[in-house]
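The values are calculated or read from the model by the stated rules, or taken from the named source; none is laboratory data. Model, not experiment: these values are computed from the prediction. Cβ placement follows ideal geometry from the backbone for every residue including glycine, while neighbour counts extend to all protein chains displayed. Heads up: the accessible areas ignore ligands, DNA and RNA and are worked out on the full protein's heavy atoms, side chains in. Shrake-Rupley method; radii C 1.70, N 1.55, O 1.52, S 1.80 Å.
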Amino acid sequence: MDNKSTLEKMISSNKLGTFFGVRQEVLETVWNNLTAPEGNSVTYVSMEIGADNDALNPVKDRVASLPFTSKDSRLKYFTNKFLHDTGKIPNYSGGLGVLAGDTLKSYADCAIPAIGISLLYRKGYFSQLIDSRAGQIAYSTQWRPEETANLYQLKDPTNPDIPLQIEIPFFERGDKRINAYANLWMKMEINSALDYFVPEILLDYSVATSPAWICKAAEHLYDSRTERTKIIQRRLLGASVIPVMQVLGITSKTIHLNEQHGVVVVLHMISEFLKQKLGPDYSLLAEDSDILQAAEQAADRMVYTIHTPVKAGHDRFSKDLYAEIGHSFCQRILGLLADDDDSPHLFNFTNLAMKVNRASNSVSRIHQQVTKKQFPKYAKKIMAVTNGIHHLTWISKAKAELYDSFRELNHWRQDPGVFANATELMGNNKFRTYLEQAWLADTTRLTTYINQMLIQHRNQMHETWIDPPNFISHLDEIDRNLDPRTFTIGFARRFSTYKRADLIFDNIPTLAKIVVQNNWPVNFIFAGKAHPSDEPGKSIIKLLLDRQKELHEQSNGLAKLIFIPGYDMAIAKLMVAGVHSWLNTPKRPLEASGTSGMKAALNAVPNISTMDGWWVEGYHGGKTGWKFGIETTVTESCLSEDAACLLYEEDSVSFYKLFPKILKTFYDESSRPQFIDKCINNIALNGPIFNTHRVTAEYIKLYQLSLSEPTEKRLAKLAALYNSNY
Ligand SMILES: *Cc1c(COP(=O)(O)O)cnc(C)c1O
C-alpha cells in the first residue's frame with residue numbers, strides 16, 4: 001500500500017537531482033520523451049526567459065492548499081522554499097523573454113516534449129531606480145538562484161556532491177583554445193495539473209573555472225558595454241546548445257531559435273556534419289560546397305522566429321572583432337553564410353538565421369509583410385505566427401473568479417477557445433455587474449499599490465538621496481491619493497524610441513484642456529525600463545518625469561501622470577488588469593507584435609493603440625477598443641527610427657481627437673454600456689486568439705512532431721481558433 005501523502009509524492013529525483021512539484025512518473029515521462037532516440041522533441045533557445053514565480057506558480061498554490069503534517073525534513077525544506085521565496089528570476093528584459101516563458105508554459109499545459117535553453121545572469125538585467133532629476137538609475141540586480149523556488153542546480157550524475165559542469169571551447173586569434181565552463185540550472189515550468197513540465201536549462205558561466213572575462217560577460221543580460229561583450233554573450237548561448245544537449249542526452253531533431261541570438265549553434269552543427277563526413281581534419285579538407293551542403297543539413301533542423309524590424313535588434317558584428325574571439329573555420333562559414341547587405345566588413349547574424357532554417361516566422365501579420373520587404377530573398381518562406389500570452393499567467397484572480405462563475409466559460413483554463421462564448425454573456429446583466437465589480441477590485445489593487453508607493457517614496461527620500469519620481473509624493477493625502485473610479489490608462493513596456501512613450505504628452509496644454517473642459521479626471525500610469533546604454537530611451541523617461549508637474553497644474557490636479565519604477569512581470573500583472581484602457585503608441589510598423597495589450601485584452605480591458613503589431617488583428621473594426629494615428633501602407637521607408645520619421649505631431653493630434661470620445665464613453669452614464677460591450681468583446685474576440693495555447697498549435701506545425709492522439713486532438717482544436725497565415 002502506498003501511504004505517502006500528496007505532498008510527499010511531489011518529490012521526485014533522478015541522476016541530476018531531487019526536484020519538487022511533480023510525481024516521479026512525471027519526471028520520468030518528461031525525461032524519456034526528451035532523450036528518446038527518435039528525437040521527437042523540440043529544443044527552444046532564447047537569450048532571455050521571463051517566467052517569474054510571483055506571476056505564476058502552480059506548485060506553490062498546491063502546497064498552500066494542502067495540510068502539512070510530515071516530519072520529513074526534505075519536504076519541510078521544499079515547502080518552506082516554495083511558500084517564502086520572492087519568486088523573481090530576473091533573466092528577462094521585456095516582451096521577447098516573457099513570450100519565451102509564456103510559450104514554454106503552454107507547452108507544459110499541452111504536454112509537448114520540449115526543453116528550453118537560456119543563460120542564467122547572476123546580476124540579472126538591471127534594477128531600476130528613478131530619480132526625478134536624474135531620471136533612470138541602473139544598478140545590478142542581486143538575487144540568489146539557490147533560494148529560488150522551481151530552480152535547481154543540476155548535479156553531476158557521476159558524483160552527486162558536485163554540480164554538473166559543461167566545458168565550452170572559445171577561441172582567440174590564431175585558433176588558440178580557451179575553455180569556458182558553465183554550471184547547469186533547471187527551472188521547471190510545471191503545468192497547473194502538476195502532471196507535465198518543460199525544463200528550462202539555464203547556463204551559469206560565472207563559475208570559478210571560467211576565465212574572468214567570460215564570467216564578466218555573463219553577468220548581465222544584454223550587456224552591450226562593448227561590441228566584444230555582445231559577441232561573447234551570443235556565443236555563450238549559441239555555442240552551449242549542443243554541449244548541453246549532449247551532456248543531458250537530449251535528442252531533439254528540431255531546434256527553435258527565439259530570435260537570432262543563439263544562431264551560433266548553426267556553426268557548430270555545420271562543423272559536426274562535416275566532421276562526420278570528412279573526419280577530424282574537416283576544417284582543412286572542407287570545400288565551400290561541403291560547407292554549403294552541411295548548412296542545408298543544419299537547416300533541416302532549424303526553426304527561426306524573427307521578432308523585430310528594428311535594425312538594432314539584428315546582430316551585426318565587425319569581422320575584425322570576430323577574428324579576435326572566433327575560430328578561423330567559424331569565420332569561414334560566416335563568410336559564406338552571414339553576409340551583410342550594407343557592409344562587407346560585417347557579419348550579419350540575422351541573415352545567417354534567415355538562411356539556415358527549414359521554417360521561419362514573423363510574429364504578426366503586419367510584421368510578416370515588413371519582414372518580407374526586409375528579406376525579399378526569403379519572402380516565400382516567411383510565415384506569420386502571431387504572438388500570444390499564457391492566459392493562466394496573466395488573467396487576474398478577480399477576473400478568473402468572474403470567468404469561473406459563468407457556465408458559458410466553463411473550462412476556459414484548459415481551452416481558451418471557450419472565451420468565444422462570452423458573446424452569449426453580452427446581454428447578461430449579472431455578468432456585466434460582476435465584471436464591473438471584478439474590475440473595480442483590480443483597479444483598487446493597483447491604486448492601493450500606487451498610493452502606498454507614493455508614501456514609501458516620500459519616506460525613503462529622508463534616508464536616501466533619491467528624489468521621488470512622482471512629485472505628487474509631496475502632496476497632501478487628499479491631493480495625492482489615486483481614486484479607483486477615476487479613468488485610468490496604463491502604459492508599460494521597454495522604453496525604446498519607436499514605442500514613443502511620451503507621444504500623448506507631446507502637447508500638454510491640449511491634453512490638459514480635454515480633461516478640464518468636461519471635468520473628467522484621468523490617471524496615466526506608466527512603467528518600463530530603458531536599456532542602460534540607450535540614451536534616447538532614457539531621455540524619454542526623463543521627459544515624462546519633467547512633464548508630470550506641468551500636466552498636473554494645467555489640468556487643475558485632474559490629470560496625474562505616475563511612473564512606477566522597477567517594471568517586472570508582477571507590476572505588469574497588476575497594471576494590465578487594473579487599468580481601464582491599455583495604451584500603445586508605437587510608430588507603425590516598427591512594433592512587430594507587442595504582447596502587453598493582449599494581457600489587458602484577456603482581462604477584458606480595451607486597448608487604445610496605433611494600428612501596429614497585434615492590434616491590426618485584435619481591433620475587430622473597433623469592437624474591442626480604439627485606434628488612432630496614421631495608417632500608411634507599409635514600405636521600406638517607414639522603417640526609419642530617425643526623430644524626423646517618428647510622426648509625433650501627426651499621431652498625437654490624432655490621439656487628442658480621439659481621447660474625448662473615450663472619456664465620454666467611460667464617464668457618461670448613457671454611453672457607459674458601450675464601454676462594457678468593448679470589454680466583453682475583448683474576452684469573446686481576442687481571448688480565443690491571443691494566447692500561447694493557440695501559438696503552440698501553430699508552432700507545432702513547424703516542428704514536425706508526432707504526438708499522442710489526445711494531444712493531437714487538443715492541438716487541432718486550438719489550431720482551429722485562428723490561422724495567422726490567413
Ligand atoms: C508583457 C511584458 C512586456 C512586453 O510588453 P510589450 O507591450 O509587448 O512591449 C515587457 N515587459 C514585461 C515585464 C512584460 O510583462
I'd like to know if segment 639-656 contains one or more residues that are over 27 Å from the mean Cα position of the chain (by Cα), closer than 16 Å to Gly597 by Cβ, open to solvent by less than 60 Å² (accessible area, probe 1.4 Å) and touching a residue at least 40 places away in the same chain (Cβ under 8 Å). yes
A careful count of residues in segment 191-221 that are open to solvent by 10 Å² or more (accessible area, probe 1.4 Å) and either outside the structural domain of Cys110 (by TED's automatic domain parsing) or β-branched (Val, Ile, Thr) (or both) gives 2
Please verify whether segment 22-42 includes one or more residues that are open to solvent by less than 20 Å² (accessible area, probe 1.4 Å), within 16 Å of the ligand (Cβ to nearest atom) and within 27 Å of the chain's Cα centre (by Cα). no
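Conditions tested, residue by residue: (1) open to solvent by less than 10 Å² (accessible area, probe 1.4 Å); (2) near the ligand (Cβ under 9 Å from one of its atoms); (3) outside any loop (DSSP other than H, G, I, E, B); (4) not assigned by TED's automatic domain parsing to the domain that holds Ala438.
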position	(1), (2), (3), (4)
Phe563	yes, no, yes, no
Gly566	no, no, no, no
Ala570	no, yes, yes, no
Leu574	no, no, yes, no
Leu583	yes, no, yes, no
Pro589	yes, no, no, no
Gly594	no, yes, no, no
Lys599	no, yes, yes, no
Ile608	yes, no, yes, no
Determine whether Ser224 is surrounded by fewer than 23 Cβ atoms within 10 Å (Cβ to Cβ) and among the polar types (S, T, N, Q). yes
Checking Lys380 against (1) touching a residue at least 40 places away in the same chain (Cβ under 8 Å); (2) among the basic types (Lys, Arg); (3) over 28 Å from Arg173 (Cβ atoms), the condition it does not meet: (1)
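Can you report the number of residues in segment 469-508 which are out of contact with any Asp or Glu (no Cβ under 8 Å at 6 or more places or on another chain) and more than 15 Å from Ser654 (Cα to Cα)?
The first filter runs over segment 469-508 and keeps only residues out of contact with any Asp or Glu (no Cβ under 8 Å at 6 or more places or on another chain), leaving 470-471, 473-494, 501-502, 504-505, 507.
If we keep only those that are more than 15 Å from Ser654 (Cα to Cα) too, we end up with 470-471, 473-494, 501.
Adding up the residues that qualify gives 25.
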Go through segment 384-406 residue by residue and tally those that are aliphatic (A, V, I, L, M) and not in a helix (DSSP H, G or I). 4
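Taking the stated definitions as given, is Thr447 assigned to a helix (DSSP H, G or I), touching a residue at least 60 places away in the same chain (Cβ under 8 Å), crowded, with 17+ Cβ neighbours inside 10 Å and hydroxyl-bearing (Ser, Thr, Tyr)?
On the way: assigned to a helix (DSSP H, G or I): yes; touching a residue at least 60 places away in the same chain (Cβ under 8 Å): yes; crowded, with 17+ Cβ neighbours inside 10 Å: yes; hydroxyl-bearing (Ser, Thr, Tyr): yes.
Yes: the conditions hold for Thr447.
Can you confirm whether Ser706 is farther than 16 Å from Phe487 by Cα, in a helix (DSSP H, G or I) and open to solvent by 10 Å² or more (accessible area, probe 1.4 Å)?
Numbers: farther than 16 Å from Phe487 by Cα: yes; in a helix (DSSP H, G or I): no; open to solvent by 10 Å² or more (accessible area, probe 1.4 Å): yes.
So Ser706 does not fit the description; no.
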Determine whether Thr423 is under 30 Å from Ala592 (Cα atoms), part of a helix (DSSP H, G or I), away from the ligand (no atom under 16 Å from the Cβ) and open to solvent by 50 Å² or more (accessible area, probe 1.4 Å). yes
Per the list (1) within 15 Å of the ligand (Cβ to nearest atom); (2) assigned to a loop (DSSP other than H, G, I, E, B), residue check on Glu641 breaks on (1)
When every residue in segment 49-86 that is of a type in the set (Gly, Ala, Ser) and closer than 12 Å to Thr6 by Cα is compared, the one farthest from the ligand (Cβ to nearest atom) is Ser70
Name the single residue, out of those in segment 610-623 being closer than 26 Å to Trp412 by Cβ and within 16 Å of the ligand (Cβ to nearest atom), that is surrounded by the most Cβ atoms within 10 Å (Cβ to Cβ). Trp614
With respect to Glu408, is the statement that it is assigned by TED's automatic domain parsing to the domain that holds Pro589, open to solvent by 20 Å² or more (accessible area, probe 1.4 Å), of a type in the set (Asp, Glu) and free of Cβ contacts under 8 Å to residues at least 24 places away in the same chain true? yes
Of the conditions (1) free of Cβ contacts under 8 Å to residues at least 12 places away in the same chain; (2) within 18 Å of Ile608 (Cα to Cα), the single one that Glu463 does not satisfy is (2)
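Looking at this structure, is Gly50 within 17 Å of the chain's Cα centre (by Cα) and not basic (Lys, Arg)?
On the way: within 17 Å of the chain's Cα centre (by Cα): yes; not basic (Lys, Arg): yes.
Yes.
So if I check each of Val310, Val244, Val264, which one is at pLDDT 95 or above, under 25 Å from Ser360 (Cβ atoms) and either open to solvent by 10 Å² or more (accessible area, probe 1.4 Å) or touching a strand residue (DSSP E or B) at 6+ places or on another chain (Cβ under 7 Å) (or both)? Break it down into steps so the answer makes sense when it comes.
Details: Val310 fails: at pLDDT 95 or above; Val264 fails: either open to solvent by 10 Å² or more (accessible area, probe 1.4 Å) or touching a strand residue (DSSP E or B) at 6+ places or on another chain (Cβ under 7 Å) (or both).
The conditions single out Val244.
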Yes or no: segment 537-557 includes at least one residue that is within 16 Å of the ligand (Cβ to nearest atom) and of a type outside the set (A, V, I, L, M). yes
What are the residues in segment 358-379 that are within 18 Å of Gly613 (Cα to Cα) and of a type in the set (Lys, Arg), if any? Arg365, Lys372, Lys373
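Output yes when any residue across segment 476-490 is within 16 Å of the ligand (Cβ to nearest atom), open to solvent by less than 80 Å² (accessible area, probe 1.4 Å) and within 26 Å of Val98 (Cβ to Cβ), and no when none is. Can you show your working first?
At the first step, the residues of segment 476-490 found to be within 16 Å of the ligand (Cβ to nearest atom) are 489-490.
Next, only the ones that are open to solvent by less than 80 Å² (accessible area, probe 1.4 Å) stay: 489-490.
When the remaining residues are screened for being within 26 Å of Val98 (Cβ to Cβ), the result is 489-490.
Among the residues of segment 476-490, at least one is within 16 Å of the ligand (Cβ to nearest atom), open to solvent by less than 80 Å² (accessible area, probe 1.4 Å) and within 26 Å of Val98 (Cβ to Cβ), which makes the answer yes.
Let me confirm something: among Ile130, Ile166, which residue is farther than 22 Å from Ile571 by Cα and either in contact (Cβ under 8 Å) with a residue 40 or more places away in the chain or open to solvent by 50 Å² or more (accessible area, probe 1.4 Å) (or both)? Show your work before the answer.
Values: Ile130 fails: farther than 22 Å from Ile571 by Cα.
Checking each option against the conditions leaves just Ile166.
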Near pairs, Cβ below 6 angstrom, 6+ apart or cross-chain, from segment 475-493 (in the same structural domain as Ala441 (by TED's automatic domain parsing) and part of a loop (DSSP other than H, G, I, E, B)) to any residue that is within 16 Å of the ligand (Cβ to nearest atom) and open to solvent by less than 10 Å² (accessible area, probe 1.4 Å): Arg493/Gly528
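Quick test for you: out of Ala353, Ala299, Ala294, Ala323, pick the one residue that is modelled with pLDDT under 95 and not assigned by TED's automatic domain parsing to the domain that holds Glu641. Walk me through it before giving the result.
Numbers: Ala353 fails: modelled with pLDDT under 95; Ala299 fails: modelled with pLDDT under 95; Ala294 fails: modelled with pLDDT under 95.
None of the others qualify; the one that does is Ala323.
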From Lys513, Lys529, which residue is at pLDDT 95 or above, surrounded by 23 or more Cβ atoms within 10 Å (Cβ to Cβ) and not assigned by TED's automatic domain parsing to the domain that holds Tyr125? Lys529
